[in-house]
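Report on one structure; see the data block that follows.
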Amino acid sequence: MTGQDHAVPLDSPAALVATAAEAASVETAAAIDRAAAINDDPEVAEVLDEAALTAEQAVGRVGWLRSFLRRLFARPA
Amino acid sequence: MPRHSIPANPRAPAAARATLVDVIPSALADRLDDVALVLSEVVTNAVKHGSRDRQDEVRLVVEADGDWLHVEVEQSLPALHVAPRDPHRTGPRETGTGLLLVEALADAWGAEPGPPGRVWFDFEAQGDIPRTPVPSSEQ
């Protein structure tokens, strides 16, 4: 729906920005998931839970940014 | 009127976005990403600030016709202090940015304190011009 469904050609600076930002957000979310999977401390689990939610929010925002750039650069001059 | 109950956990924003595909009017297809972001932000807030615990749920009510979409996001706790941050404020920006995006992208939105608290937003078909996320106070 967002992000990866709207591939931007990698030959533009905007595409590189979008790709880097998307990778950063997705990789952060995955890292938090990996930490949560091996954590046994309930207090740490609560903090990781909030971090995971914030990371998921970032994934949504970057997906939208990627889509926005795609639409912006698709407009006729 | 489609209704969805989503577990109030970190997967909730993605789960909420996934519900849009089946309900968004075709006339709004070019705004799907804007709608998805606004829904994601409102659901994130509902999980973060409006849920009792991770066993709680966030409830979505979606109403749509040919070129109009109305979404309500209901949370268990009251929806208090629901306002975007001041875009001119300096310092840490840990809260209020989501509602800044909601205000910039949705055609209308509001909140009912409850409980249960509700935040709603509307989108209408407007053609294919990308909208720039500038808060109304800066326009």
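Just a few scattered comments:
- Scan of the stretch B:46-59 for residues that are part of a helix (DSSP H, G or I), touching a strand residue (DSSP E or B) at 6+ places or on another chain (Cβ under 9 Å) and facing chain A (nearest Cβ under 10 Å), ordered by number: B:VAL47
- When the stretch A:33-61 is filtered for residues that are in a helix (DSSP H, G or I) and either of a type in the set (Val, Ile, Thr) or exposed (fewer than 13 other Cβ atoms within 10 Å of the Cβ) (or both), the ones remaining, listed by number, are A:ARG34, A:ALA37, A:ILE38, A:PRO42, A:GLU43, A:VAL44, A:GLU46, A:VAL47, A:THR54, A:VAL59.
- Filter pass, A:ARG34 being of a type in the set (Lys, Arg), farther than 21 Å from B:GLU41 by Cβ and either more than 8 Å from chain B (Cβ to nearest Cβ) or out of contact with any strand residue (DSSP E or B) (no Cβ under 7 Å at 6 or more places or on another chain) (or both): yes
- Residue count, the stretch B:60-82 (criterion: of a type in the set (Gly, Ala, Ser), out of contact with any strand residue (DSSP E or B) (no Cβ under 6 Å at 6 or more places or on another chain) and farther than 28 Å from B:ASP30 by Cα): 1
- If you filter the stretch B:58-81 down to residues that are surrounded by 19 or more Cβ atoms within 10 Å (Cβ to Cβ) and under 16 Å from B:GLY114 (Cβ atoms), you find that the one that is modelled with the lowest pLDDT is B:ALA79.
- Only one of the numbered conditions (1) farther than 22 Å from B:GLU124 by Cα; (2) touching a Ser or Thr at 6+ places or on another chain (Cβ under 8 Å); (3) among the β-branched types (Val, Ile, Thr) is violated by B:VAL62, and that is (1).
- Residue, farthest from the other protein chains (Cβ to nearest Cβ), within the stretch B:9-32, restricted to residues that are in a loop (DSSP other than H, G, I, E, B) and surrounded by fewer than 24 Cβ atoms within 10 Å (Cβ to Cβ): B:PRO25
- Per the listing A:ALA51, A:ALA29, A:ALA58, the residue uniquely within 12 Å of another protein chain (Cβ to nearest Cβ), without any contact (Cβ under 8 Å) to a residue 24 or more places away in the chain and small (Gly, Ala, Ser) is A:ALA51.
- Qualifying position, being within 11 Å of chain A (Cβ to nearest Cβ) and at pLDDT 95 or above, among B:VAL43, B:VAL35: B:VAL43
- Members of the stretch A:1-58 that are at pLDDT below 90 and among the acidic types (Asp, Glu): A:ASP5, A:ASP11, A:GLU22
The values are calculated or read from the model by the stated rules, or taken from the named source; none is laboratory data. If you're wondering where the values come from, they're calculated on a predicted model, not measured in any experiment. Reconstructed Cβ throughout: ideal geometry from the backbone, glycine too, with neighbour counts over all protein chains shown.
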